[in-house]
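See structure below.
The values are calculated or read from the model by the stated rules, or taken from the named source; none is laboratory data. Just so you know, these numbers come straight off a predicted model, no measurement behind them. Because the Cβ atoms are built from the backbone with ideal geometry, glycine has one as well, and the counts that use them run over all protein chains shown. With ligands, DNA and RNA removed, areas are computed over all heavy atoms of the protein, side chains included. Shrake-Rupley method; radii C 1.70, N 1.55, O 1.52, S 1.80 Å.
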Amino acid sequence: MGRVINFSAGPSALPLEVLKRAQSELLNTHQSGMSIMEMSHRSKSFERILHEAKKRLRSLMNIPDSYKILFLQGGASLQFSMIPLNLLQKDNEAAYLITGSWSKKAYAEAKKVGDATIFASSEDDAFRSIPDFAESTLSKRTSYLHVTSNNTIEGTRISVFPKTNNNIPIVTDLSSNILSEKINVTDHGVIYAGAQKNLGPSGVTVVIIREDLIGKTEATTLPTMLDYAIHAKADSLYNTPPTFAIYMINLVLEWVESIGGIEDMERRNRKKAQLLYDAIDCSKLFSSSVKKENRSLMNVPFKTKNEELDQAFLHFAASQKLVELKGHRSVGGMRASLYNAMPLEGVERLTDAMTQFEKRST
Ligand code: PMP
């Protein structure tokens, strides 16, 4: 079929089964006589898809009924603004755990809305680790604490979330590790994730929000489309939602169910990541600068001894159809993204290529 092993950080590889299913249903979705892309978002057929996607996500992630699931647009980046606009209360502040470029961006947007403070940061360590933090340092006037669970660019992951007393909800950007490992939803007040890594194509952002956090804003100037209360009341159908992307999410969720749910997904992901980290740690050529305890299961940045060799390796890998391995420009080197749809064989092919390359270049 000419398909490659795609290590892209996002939009990223989707399960082949899902793509084939979408292909087979493209011209006539669910016996409607039309494509999902031609279907009204008010039709019974689409409503069923939306309902199924929500039901599947709720069951896979064990989301209690006291949380709403919203499908919004504007990417995870719009959530950087919607979170403070909806949750940051007058005379209060928002606290941010700064663990990488994305949390820095989220913090910068919050500062435009109101008072935002840095709870802890690993910027001094070039974001190669998750910083130590002490919940007791949070002010009583904190409306929420924002964290980024997986740092897509730097390759770190929070394994133990801060524990605040429940008056301070944790808002979690789960964009690059949603559905990849078990998390306890009730430890979080809000979870959001752009779909284009583990959930489906780009164009839709999932927001999982505890009901009592909806409609908290005092601002009467909040634009309608930025108000969680509006989207929650209209069940994500206030305006035309990204129908095709939601349809794809539903297929991806069905695929996750068929694998055995999140626990099996996590087992697979741990095995894949272990294989790659072992290859890096055993190598005399490749290395990782991320603190071991904080290593991501999803995004693995690594390097050779210099940029020239990095380039040569990228070339060598591409000749074996292993693509999108170039590291983010702020980090350099390589980055392999091992989202749910990456099969173990893909990682085996990568580690084989690393071994071959190391032999050739020493
Ligand atoms: N947060 C994280 C952790 C991300 O990885 C990304 C995108 N790679 C974003 C936020 C921004 O997402 P979007 O492009 O959907 O706005």
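Tell me, which residue of region 152-187 that is in contact with a helix residue (DSSP H, G or I) (Cβ under 7 Å, 6 or more places away or on another chain) and not in a loop (DSSP other than H, G, I, E, B) is nearest to the ligand (Cβ to nearest atom)? So the residue we want is Asp173.
Within the option set Lys163, Lys140, Lys182, being modelled with pLDDT of 95 or more and of a type in the set (Lys, Arg) holds for one residue only, Lys182.
Step by step: first the residues of region 293-311, then only those that are touching a helix residue (DSSP H, G or I) at 6+ places or on another chain (Cβ under 8 Å) and not in a loop (DSSP other than H, G, I, E, B), then the one that is nearest to Ala13 (Cα to Cα). Which residue is that? Among residues in region 293-311 that are touching a helix residue (DSSP H, G or I) at 6+ places or on another chain (Cβ under 8 Å) and not in a loop (DSSP other than H, G, I, E, B), the one nearest to Ala13 (Cα to Cα) is Val300.
Glu47 meets the conditions (1) closer than 22 Å to His231 by Cβ; (2) open to solvent by 40 Å² or more (accessible area, probe 1.4 Å); (3) within 16 Å of the ligand (Cβ to nearest atom) in every case but one. The failed one is (3). Only a single criterion out of (1) closer than 30 Å to Ile36 by Cβ; (2) crowded, with 20+ Cβ neighbours inside 10 Å is not satisfied by Val171, namely (1). When Val147 is tested against (1) within 16 Å of the ligand (Cβ to nearest atom); (2) closer than 18 Å to Met82 by Cα; (3) open to solvent by 20 Å² or more (accessible area, probe 1.4 Å), just one condition goes unmet, and that condition is (3).
The residues of region 210-244 include none that are closer than 17 Å to Leu88 by Cα, among the small types (Gly, Ala, Ser) and without any contact (Cβ under 8 Å) to a residue 12 or more places away in the chain.
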